[in-house]
Amino acid sequence: MLEEPHREWQLTNRMPSLRRSFTKARFTLVIDSLQFLVIVFAQQAEDIASLTWDRVTITADKATVDLAGLPIELHSPLDEPLRALAASSYNGQTAAHPNSPWVFRGYRPGAHIAPAHLRSKLKPILAALEARLGTLNELTQTTPIAILAETLGYHPQTLEAHAKASAATYARYVGTKLE
């Protein structure tokens, strides 16, 4: 059975973290985008690091991100972090990155940023693992497993385990309220 330390984080910190991200109070464009992909789409640092611009489409009318072969349309304010990052010259004004395909460019020429570095950028703001697991638990309660797996790039069995853990947690909660 899955551990559930993420449940408390999810309930108390998820919305304030999102709110801070979209108000631009103290975050950079990179951190906004990282936080968005972890909290909203439950993406792992390895998957975020390897995200390329050909999987992100930004037009005046809409923004989409393709995390696993199925484009997801983003509406305001969810599109703001990626729009701002695309409009910036983040780490692109060097000879090492004239036409880099990476959304999160690394410091070595032609390489994406290291996943460990992404995690270190997020660490002062949120517990990325707990945030991601909390999002998965929430999503598995409201969305069919097959659709989530195809959209977010997870194996269906992984999401099934999260769904079972979420159901068990909810059942315990209801049980305590009924007593």
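Overview of results
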{"item": "Selection count, the stretch 40-76, where residues are over 22 Å from Arg105 (Cβ atoms), surrounded by fewer than 14 Cβ atoms within 10 Å (Cβ to Cβ) and of a type outside the set (D, E, K, R)", "result": "6"}
{"item": "Among the candidates Ala96, Ala114, Ala127, Ala63, residue that is of a type in the set (A, V, I, L, M), modelled with pLDDT under 85 and within 22 Å of Ile39 (Cα to Cα)", "result": "Ala127"}
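The values are calculated or read from the model by the stated rules, or taken from the named source; none is laboratory data. Values in this document were obtained by computation on a predicted structure and should not be read as measured data. In this analysis, Cβ positions are derived from the backbone assuming ideal geometry, glycine residues included, and neighbour counts consider all displayed protein chains.
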